[in-house]
Every structure is written in structure tokens, then in C-alpha cells.
Amino acid sequence: MIEFIAQNMAPIMFASLIIFLLIGYPVAFSLAANGLLFFFIGVLVSPYSGGSINLAWPLLHALPDNFYGTRVMSNDTLLAIPFFTFMGIVLERSGMAEDLLDTIGQLFGPIRGGLAYAVIFVGALLAATTGVVAASVIAMGLISLPIMLRYGYDRRLAAGVIAASGTLAQIIPPSLVLIVLADQLGRSVGDMYAGALIPGIVLTGIYMLYILIMSIVRPNSMPALPLEARTLGHGVLSLIVALLIAGAISYGAYRYLAPTQGDNADILGFAVGVIVIYVAAIVDQRLRINMMSKLAQQVVIVLIPPLALIFLVLGTIFLGIATPTEGGAMGSVGALIMAAAKGRLTLDVVKQALASTTRLSSFVLFILIGARVFSLTFYGVNGHIWVEHLLTSLPGGETGFLIGVNILVFVLAFFLDFFELAFIIVPLLAPAADKLGIDLIWFGVLLGVNMQTSFMHPPFGFALFYLRSVAARVPYLDRITGKQIAPVSTGQIYWGAVPFVCIQVIMIGLTIAFPQMVMRYKGAAVEPSTIDLKLPDMPSLSPLGTPRRYWRAAPGTPDLSQPPSFGDAPAKPAAPAPDLSQPPKFN
């Protein structure tokens, strides 16, 4: 029995961790306690393991180095997490989500399902500025859910749209989960962001495609806004004209800057066009010139600041100007400036943002410390080899591995948060993926899309809990219409999430089938045969191998181009030829 336990310590340890988590123990303490318990057992039974357990008491001395080394306390990559969390909380308190939802809702309001489109569009913008799921779901649940219920939206559809659009913060940069995945996979956060950008946009488009289909199949489930609710009036044509003018200015600036700025000319030209149209909208509104419609003014004024913040964070990272940590720091400063410009930067807002940031950062840090204790023992019992052999032996090769791993993560996402999955499961999967030749950035983005479902799974999805906390539980009187509005039940929230979970599963399949969506982060491949190396002309040098004099030798100066001559050496007497007919003598 002892031999069986010693030789199967790795699967027993992994199963024990799952049991601890299912019982409900905190993840960080489950990891640390499980690691220390099996370390003690492993040391005792190691003589019976046949060499498969490599644990000894002095190995515990490595824990302080693991804690204070580059993996935890001195990890510069994880420093981006508090910056992006702080930025997201400040933006959520600044009222940016409220302004965006109101303005974009007015823009899409005349069409059927317009509020749902607005929620998805704003969810993508908030994801690209905050990267925090809780802030996005709570903000949109408080602001848009009462409006959608007021105008007759189906409760399940409204709840599903809000929860799903909030989870876009999981996959659209600057996502916190992408930072953690890049750290665990040993890859660049910038590459992970570049790889996840297209899948995030595609997923947003599929959400909107679903709303379009539902607006055709079930038109009564998402009516258009009534005329009296469109307080900004009409003016879409004016907005289109303004955008065309901004595009023309951007193109002209690009042509002007191209000779001097090179590859950065397109980005700088776009920035010039955006700044011009933004200043024009503000001047038009303040001076009441009325060159633009009220709707166009409001869309431009509300939409440009978050887009500028996105460029400040993601643009500087993609251009190589800033690291993700530096981008997060600049984003935090930009969020404070935006909140101050709106007059909503108070001491209470800063305190709440700092408290939330400290809480989340401590949560991540404790899980990471527990994961280091667990991994020390798990690697000591050759658990990584067991997992690698288990996964690489799956039928189907690379495709079978990807399908099996995604099924495993999808099932575990019912019970575990994405941080827990990233710190526990990903370090075990990465070596097997690397051995199979799978690009780890592609693998990380694929896992990120899969982990996004952890926020949407009934009954433990955190996005569903966030929405449940702000959705009405009892009937209430609407302050605009005066009608009694029925509450939103937990079952309606859960059923509303199911179609979007299915969409996320489809997105996993698309990412596997079309890896170039992610692999574009590498850029275009270079054919070595097309490389032409030319050396510059250097007339001061003679052709290779040709001696050259660099000064005129004075008379009597020895010729240094020839080897030196030391005179005639005395001739040595020739040695007598040996007599080979006799045996050699050694005396």
C-alpha cells in the first residue's frame, strides 16, 4: 500500500487539491496546506518510491527564495495588475460608463435592439479601458438594465447581454487575465495583448450578430426606443459628415508626416484628425455655432476621451514606447485626469479605488504564494512529468491535446475563478503544449477565451453574481413612466447567460480553426533568400587580401611588408643516415 501511494503521489496530490477546493476552502490556503501536507508525506515515503520522489527537508529552504524572487514579490509583470485595477475603478466612479451608455444608446436607439447593441459596444470600450469585469458588469447593470426593462426588453436577453458584454474585459486588452497568463507561460505581455486583440474584436462582432438574428426572429423581445426617449434628437448624417472630415484631415496629416515619421505617420495622422474633430465639437457646443447636430456633438465629445485613453495605454504598448506596467501607470494618471475633468475626483473615490486595488492585489499575491508552495512539492514528486505524459499521450496529436485541455478548463471553470485556473492549471499545461510545438501565445489566448466562460457559467459565474447584486429583486415604480416594473429573477439571469456561453464555445473553436487571428502578433514571415546585404563603399581600404601602405617609408627604413630576416644562421651538420639493416640500439 505504501509503495502504491509513493509511486502515485502526483495524481493523489492533484485529486486532493480538487477535493479541498470543492469543499470550499479558500484557494490560497488550500494550495499551501496541500503542498506542505504532501511534502511531509513525500519525505516519509520517498524510500518506497523507487526514485520517483525527490523530496528532502532541506528543500524547504527554497521557499523564501521562491517568495521573494522574480516569481512573486519581485515580479515586475504582475505590477501591472494594481495599475489597471485602479484605473478601472476610477473610470467606473467617474461616470464614463453612464455617459457612454446614454449617448451610444441614443445613437442606436431608432433601430430594433439598439440598446443591446449599445451595451455590447460600450462593454467593449470599457474592456479596452478598464480590464476589470466587476466594474463593467456592475456599471452597465445599474445604468442600462432599468432602461431596457422600461422599454420592454426581454429579461433573459437583457441580463445575458449585460453579463456577456462585461466579460469582454477578460479577453480584450488590457485584460488582467492576459497579464497573469503571460507571466505563467513565460511570454511577453505585449505579445499576448497583440495576439488577443483580433479574437476580442471577433467575439464582440459575434455578440452583435446574435442580437441582429434575435431582432429578426423575435422582434418583440428588443423594441426600438420610442420617439419621446430620444432626447438628443436626430443627426446621424451630421455625425457621418464629421467623421468623413476627420478622416480627410487624418489622411492629409499622414501624407504630410510620412516623409519624416515613417511607420508612425499613420498613427500620428489619425491622432491629428481626432484632436481636430474633438476641438471642433467642443467649440461648436460652447459657442452654439450649431455646425454639428446635438447628437453628433455628444457622440464626439463622449467617445473621444476613452478612445484617447485606449491609445495612451494600448497604443504606447503596441508601438514599443512603454511596457505594460508603464502603460498601466499612464492609464491610471489618465483616469484621474478624466475624473477630475468631470468634477468627480473626490477623496472618497480615490479611497474606494485604492481599497479595491489593494484587495484584488492581495488576493492575487496570496494565491501566487500558495501556488509556489504547491508547485515545490508537486515538482518534487515528478507531477509535471505525470501531467506531461498524460496530456501528450492523448489521441489526435496537437488537435486532440487542444480539445482535451479546453474541455478540462471548461469543466473546471464551473468551480474555479480565472485567477485560480491561471495559477493552478496553466503551469501544468504549458510544458506539454510547448513539447507539442504549440505557440504559447496562441495557447494563452485560447485559454483566455475559455476562462472567460468562468464568469458566465451557471451557477457559479461571477458576472452573474455581480448582475444579481444590482438587479431589482422586488417590483418597483419606474421614475420616468410611473409604471410598475417586475423584478429580474435569478433563473432569468442564468438562462440569459446560456446563449452567450455557447457563443464563447464557438469562439474557442474558431480560435483553434483559424490560428492566424492570434499568430499575426509575429508579423509577416521573412524569406531568407530575399535578404540582400550590401556593404558600403570604403575607398580608404584596399581590397581584401591586398597589402597597402598607409605612409611613405623613409630611406633606409626596413620593409615591413615582408617577414623579418635575422641574417644567415650557422649551418648544422647533417645527421648520419640510420642503418636500417640492423636492429635499433637504445644504449
| field | Identity of the residue in segment 511-526, in contact with a helix residue (DSSP H, G or I) (Cβ under 7 Å, 6 or more places away or on another chain) and part of a helix (DSSP H, G or I), that ends up most open to solvent (accessible area, probe 1.4 Å) | value | Arg520
| remark: For Val272, the lone unmet condition from (1) at pLDDT below 90; (2) out of contact with any Ser or Thr (no Cβ under 7 Å at 6 or more places or on another chain) is (2)
| Out of (1) polar (S, T, N, Q); (2) in contact with a helix residue (DSSP H, G or I) (Cβ under 8 Å, 6 or more places away or on another chain); (3) open to solvent by 50 Å² or more (accessible area, probe 1.4 Å), the odd one out for Thr346 is which? | (2)
| Would a scan of segment 418-431 turn up a residue that is of a type in the set (D, E, K, R), surrounded by fewer than 18 Cβ atoms within 10 Å (Cβ to Cβ) and either touching a residue at least 40 places away in the same chain (Cβ under 8 Å) or within 23 Å of Phe363 (Cα to Cα) (or both)? | no
| message | Criterion first (in contact with a Lys or Arg (Cβ under 9 Å, 6 or more places away or on another chain) and of a type in the set (A, V, I, L, M, F, W, C)) does Leu446 satisfy it? | response | no
| said: On the basis of being open to solvent by 20 Å² or more (accessible area, probe 1.4 Å), farther than 20 Å from His457 by Cα and either touching a strand residue (DSSP E or B) at 6+ places or on another chain (Cβ under 6 Å) or of a type in the set (Gly, Ala, Ser) (or both), does Gly195 make the cut? | reply: no
| Ser74 open to solvent by less than 40 Å² (accessible area, probe 1.4 Å) and of a type in the set (S, T, N, Q) | no
| query | Which condition does Tyr466 not pass, out of (1) modelled with pLDDT of 80 or more; (2) out of contact with any Ser or Thr (no Cβ under 6 Å at 6 or more places or on another chain); (3) open to solvent by less than 10 Å² (accessible area, probe 1.4 Å), if it passes all the others? | reply | (3)
| request: Mind listing whichever residues of segment 259-314 are in contact (Cβ under 8 Å) with a residue 60 or more places away in the chain, in a helix (DSSP H, G or I) and over 26 Å from the mean Cα position of the chain (by Cα)? | output: Lys294, Leu295, Ala296, Gln298, Val299, Val300
| Among the listed residues Val283, Val300, Val313, which satisfies the condition of being closer than 18 Å to Leu100 by Cα and either of a type outside the set (D, E, K, R) or open to solvent by 60 Å² or more (accessible area, probe 1.4 Å) (or both)? | Val300
| Pair list, Cβ < 7 Å and 6+ apart or interchain, from segment 477-497 residues that are hydroxyl-bearing (Ser, Thr, Tyr) to residues that are surrounded by 11 or more Cβ atoms within 10 Å (Cβ to Cβ) | Thr481/Arg150; Thr490/Arg468; Tyr494/Pro458; Tyr494/Leu464
| Of the residues in segment 335-357, how many are in a helix (DSSP H, G or I) and without any contact (Cβ under 8 Å) to a residue 60 or more places away in the chain? | 7
| field | Selected residue (only one of Ile407, Ile369 is β-branched (Val, Ile, Thr), loosely packed, with under 15 Cβ neighbours inside 10 Å and under 30 Å from Leu176 (Cβ atoms)) | value | Ile407
| task | Could you please give the count of residues in segment 384-403 that are over 18 Å from Met507 (Cβ atoms), open to solvent by less than 30 Å² (accessible area, probe 1.4 Å) and at pLDDT 80 or above? | result | 2
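The values are calculated or read from the model by the stated rules, or taken from the named source; none is laboratory data. All values derive from a computational prediction rather than experimental measurement. Don't worry about glycine lacking a Cβ; one is built from the backbone with ideal geometry, like all the others, and counts go over all protein chains shown. Please note that ligands, DNA and RNA were not included when accessible areas were found on the heavy atoms of the full protein model with its side chains. Shrake-Rupley method; radii C 1.70, N 1.55, O 1.52, S 1.80 Å.
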